[in-house]
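Please read the structure below before turning to the comments.
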Amino acid sequence: MISLRLHCIIFFLLGVALPLPSLNAGYVRPNTDVAFFENELLTLDKDQRSEVARELSAVTRNFPGSAATTPGVRARAMAVALMLDPTNREAVTSNGMFGNGLNSSKVEGYKSYKALVRDFERLARYLNGNDANEQDKRLGIMMADLVWRLAPQSEVGQGYQEVLDRGEGMDWTNLISPQVDQVEESKEDADEGVDPFGYLREEEDRAEESDGDNPEETIDLSGSEDGEDEMQKPDDGENSGVDESQGEEDTVKSLVREKLIAGAKPKARFVRVATMVSPPAMGYMSELTFLDMRVMSTRTTREWVDGERKRVENPVGADEDFSPYPEGQLASSEVYMLRVMDGMKNLQNEYQGWPKGCLAQVTSERYGGVSGSLGALATLVGVDALVRDLDIDPNVIVLGSFLPDSDMLTGHLELAPALLRFDKRLHSSVKRVVVPSAKADLYCNILAAVDSEIALHFQIIAVDSVREASELAQTSVGDPYKEAIAEFEKIQALEMRFDELIRNPHVQEKLASIIEKFPQHVSARVLLKASKMSPYGTLSEQESVDVLAAMIRPFAHMLEYELDAIAPSDAKAECQKFLDRLYKARRNTSRSVSGVVLTADEFIEDLLDFVSRNNRTTNSAMQKYDDAEEKFKALEAQFSKFNVELRW
C-alpha cells in the first residue's frame, strides 16, 4: 500500500516538474531497434561516428526556425545519430527533448549552419564513393536525404532529387513515424506560415551568427529600409519613377534619332546573341544556339569567275539600309528571312530613321541556322545593339518572332514547349530568358501546370518591343527591370525545398510585390500561380487544351520528320519525360479534357515503343508506328472539337 502511494506521488511530481509531450509538437521518437546499417562494418571509426552523431544533434538544436528544426528532419537526424552512436550524450538528450516537447538547449561549439551542412555534404559524397562498401552506401543515402532536406539547392541535394525522381530514394518507413511528415503538411494550412529565415530577426541568434557563415543570413525577404533606398537610388544621375523613366525612354529615342539623321554608321564591332534552334530532324526539340553579328561594309556573294564559283566581296550601296545579312543555311530559311524583315519595321519605327551604307552579317553557331519562330527577335536585338553600341550578355536567351507582314512582336506556338527544354544542370549559366508578352498567359499556364521549378531557376521576362528586349539582354540592366530582377534573385537564393518555398507566405508576398511592380515578370507569375494550384481542375478547359496541345506538338513532328535522325536513347528519353510531365499536367488540368490526356498517354506509349528500338524496320516496329499514327489521328480529332490544331 505504501509502495503504491509512493509511486503515485512520484508520478504526480514528475508530471508537475517535467512538461508532458505536446500533442502539437509533431515529433515522434524514431525506431532504432533494427539498424539500417551495421556500425562495425562502416569505414568510419568509433570517434568519427560519435562526432557525426553530435553534429546531427547540433544542426537540429542550434538554429531555430531553419529547415533542420522541422519534426521530419529531426526524426531522421536522430534515427541516424542513434544508430551511429546509441549512447551519444547529445543525441540521447536531443531525442528526449524533442520527444517531450521541451525547448532544446544548444550544443556547444557549433555556430554555423552552413559549415555543418557542408560537412554532411562531404560525408555523403565519401560514403557514396567508388571505394565505399555496402554499409557505407546505406548510411550515404541517409545522409544525402538529410542534405536534400537541409540544402536542396546544393550539389548533393540536386543529385538526390534526381534519385527521388527515379523512385529510388531512402525508405524511412521502418524508422520514423509518418506522423512527423503529416504535421508539416497540415501546418501549411493551419499556420500563417514561417518566415524561412525569421530566426535571424532574433537578437540573440543574430549576435551568435554574426560571423556571416549561415547561408540564410544574407537573405532578407522582407527587405530593409537601407536596401530599398539603395535599390531605388538612381545610377549616375539617371531619373527614376514612371513619368521620369518615360522621359528617359524619349531621350534615348531622341539621341538615336539624331545620330541616325546625322548619317552616322554603327561601329565595326561584333555582337553575340543567344537564342534557340528547333531542327526538324530532332522533332523540333529546341536547343540553345548563338547568333554572331558583325558590321560589314561589303557583302559576300558566290559568283562564277573564270569558270569557277568563288566568293566575291561587293561593296554595300551608299543608299542601302543597314539590315541583317544572313549567311550559310540561315540565308536559305525563307521563314527566318521573312520574320526578320517584319521585325525590321518594328525597330525602324522605334527610331524613325536608319543608318545606310553597311549591313549586319549574321552567322549561326549551330546547325547553320535558327528557327524563324524563335530566332527572329534575337536577330533584331543584335541589330539594335550594333546601332546603339550596346553590350549584349550571351547568357541571356532571347526568343520570339513577328506576325507575318506586321511589325507586331509575337510568340509562335513553338515557343511554349521550347521553355520546357530549359534544364538547370545543362543551362546553369543562363541568367535570363526574354520572350514576347503576346502569349505570356500560355507560358505561365504550361510552366505552372507541368514544371514550375523551371521558373525558379530561370528568370523569364516578357517584352513588347525589340528595344525592351535589347535592354534586358544587356550585361548591365537598368530600371525598371533592375529592381524586379534583384528581388527575384533573393527568392532564387533561398535554401528550401521547392514545394515548401512556393507555399511559404513570405515568399508569396514577395512574388506578389514583384508582379505588382513589374507585371511582365513571367517567372514570378508562374511561381505564384503554382503555389495556389489545387489538385484538380485548376486550369480552365481552354487553358488545359492549349497546354496539352503545346506539349504534344513536338512529338507530332517527331512522328513525321526523319525519325532515323533521332538516336533511340534520345527519343526514348524525350518520350519518357513527356509521360512524367503528362502525369503532373493531369492533376492541374480540367477534368473535361481527361479523354485527351488518356489518348495522349496511349499515343506516346506507342511512339516510345517504336522510337526506342535500334532497328525500326522490323514488322513489329512498324506495327507500333502505325499504332502511334492511329492514336495521333484520334488526338487530332479530339483537339479539333476545341478548334485547336496540332500542326505548326
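Among the residues of the stretch 470-504, not one is more than 27 Å from Ala67 (Cβ to Cβ), modelled with pLDDT of 90 or more and aromatic (Phe, Trp, Tyr). Scanning the stretch 516-546 for residues that are under 16 Å from Val597 (Cα atoms), in a helix (DSSP H, G or I) and open to solvent by 40 Å² or more (accessible area, probe 1.4 Å) returns Glu541, Gln542, Glu543, Asp546.
Just one residue in the set Ala455, Ala462, Ala493, Ala449 is small (Gly, Ala, Ser) and either free of Cβ contacts under 8 Å to residues at least 60 places away in the same chain or farther than 30 Å from Val593 by Cα (or both); that residue is Ala493. Among the residues of the stretch 609-620, those that are in contact (Cβ under 8 Å) with a residue 12 or more places away in the chain and surrounded by fewer than 20 Cβ atoms within 10 Å (Cβ to Cβ) comprise Asp609, Ser612, Arg613, Asn614, Arg616.
Quick check, is Ala549 more than 22 Å from Ala455 (Cβ to Cβ), of a type in the set (Gly, Ala, Ser) and open to solvent by less than 30 Å² (accessible area, probe 1.4 Å)? Here the answer is no, as Ala549 does not meet what is asked. Every test in (1) at pLDDT 90 or above; (2) in contact with a Leu (Cβ under 7 Å, 6 or more places away or on another chain); (3) farther than 20 Å from Ala449 by Cβ is passed by Asp391 save one, and that test is (2). Scan the stretch 574-597 residue by residue and report those that are among the small types (Gly, Ala, Ser) and under 20 Å from Ala530 (Cα atoms). Correct list: Ala585, Ser590. In the set (1) free of Cβ contacts under 8 Å to residues at least 40 places away in the same chain; (2) part of a loop (DSSP other than H, G, I, E, B); (3) in contact with a strand residue (DSSP E or B) (Cβ under 9 Å, 6 or more places away or on another chain); (4) not aromatic (Phe, Trp, Tyr), Asp423 fails one condition alone, (3).
Residue count for the stretch 68-96 under the criterion of being over 22 Å from Asp45 (Cα atoms) and open to solvent by less than 30 Å² (accessible area, probe 1.4 Å): the result is 8.
Tallying residues that are touching a helix residue (DSSP H, G or I) at 6+ places or on another chain (Cβ under 7 Å) and among the charged types (D, E, K, R) within the stretch 502-527 yields 4. Would it be correct to say that Leu501 is over 23 Å from Trp148 (Cβ atoms) and outside any loop (DSSP other than H, G, I, E, B)? No: the conditions fail for Leu501. When you check Tyr113 against the structure, is it modelled with pLDDT of 85 or more, open to solvent by less than 10 Å² (accessible area, probe 1.4 Å) and within 26 Å of Ser154 (Cβ to Cβ), yes or no? When the stated conditions are applied, Tyr113 passes them. Selection within the stretch 441-495: residues that are open to solvent by 30 Å² or more (accessible area, probe 1.4 Å) and basic (Lys, Arg). The member of this set that is nearest to Val396 (Cα to Cα) is Lys482. Quick one: in the stretch 621-648, which of the residues that are assigned to a helix (DSSP H, G or I) and of a type in the set (Asp, Glu) is least open to solvent (accessible area, probe 1.4 Å)? Restricting to residues being assigned to a helix (DSSP H, G or I) and of a type in the set (Asp, Glu), the top hit is Asp627.
Checked against the criterion of being at pLDDT 90 or above and within 30 Å of Leu386 (Cα to Cα), the candidates Gln520, Gln542 yield just one match: Gln520. The set of residues in the stretch 405-437 that are closer than 16 Å to Leu472 by Cβ and open to solvent by 30 Å² or more (accessible area, probe 1.4 Å) comprises Lys431, Ser437.
The numbered conditions (1) crowded, with 17+ Cβ neighbours inside 10 Å; (2) in a helix (DSSP H, G or I); (3) touching a Phe, Trp or Tyr at 6+ places or on another chain (Cβ under 7 Å) are all true for Arg587 except (1). If we scan the stretch 305-325, do we find a residue that is open to solvent by less than 60 Å² (accessible area, probe 1.4 Å), closer than 20 Å to Ser465 by Cα and either under 36 Å from the mean Cα position of the chain (by Cα) or without any contact (Cβ under 8 Å) to a residue 12 or more places away in the chain (or both)? Yes, there is a match, as at least one residue in the stretch 305-325 is open to solvent by less than 60 Å² (accessible area, probe 1.4 Å), closer than 20 Å to Ser465 by Cα and either under 36 Å from the mean Cα position of the chain (by Cα) or without any contact (Cβ under 8 Å) to a residue 12 or more places away in the chain (or both).
Inside the stretch 34-136, counting only helices (runs of 4 or more DSSP H) that do not spill past its ends, which hold 3 or more residues that are more than 25 Å from Asp171 (Cβ to Cβ)? Counting at least 3 such residues, we get 46-61, 89-99, 113-127.
All conditions but one from (1) open to solvent by less than 10 Å² (accessible area, probe 1.4 Å); (2) free of Cβ contacts under 8 Å to residues at least 12 places away in the same chain apply to Phe120; the one that does not is (2). From the list Ala600, Ala571, Ala556, the one residue that fits, being in a helix (DSSP H, G or I), at pLDDT 90 or above, open to solvent by less than 10 Å² (accessible area, probe 1.4 Å) and more than 17 Å from Met533 (Cβ to Cβ), is Ala600. All conditions but one from (1) crowded, with 24+ Cβ neighbours inside 10 Å; (2) part of a loop (DSSP other than H, G, I, E, B) apply to Ala378; the one that does not is (2).
Could you tell me how many of the residues in the stretch 29-67 are under 17 Å from Leu127 (Cβ atoms), open to solvent by 10 Å² or more (accessible area, probe 1.4 Å) and not hydroxyl-bearing (Ser, Thr, Tyr)? Going through the stretch 29-67 one residue at a time, the tally reaches 16. Within the stretch 65-109, the residues that satisfy the criterion of being of a type in the set (D, E, K, R) and either touching a residue at least 12 places away in the same chain (Cβ under 8 Å) or within 13 Å of Ser50 (Cα to Cα) (or both) are Arg74, Arg76, Asp85, Arg89, Glu90, Lys106.
The values are calculated or read from the model by the stated rules, or taken from the named source; none is laboratory data. As the structure is a computational prediction, the values presented were derived from the model and not from experiment. As a convention, Cβ positions derive from the backbone with ideal geometry for all residues, glycine included, and neighbour counts pool all protein chains shown. Ligands, DNA and RNA are stripped out before the accessible areas are found, and what is left, the full protein with its side chains, is counted by its heavy atoms. Shrake-Rupley method; radii C 1.70, N 1.55, O 1.52, S 1.80 Å.
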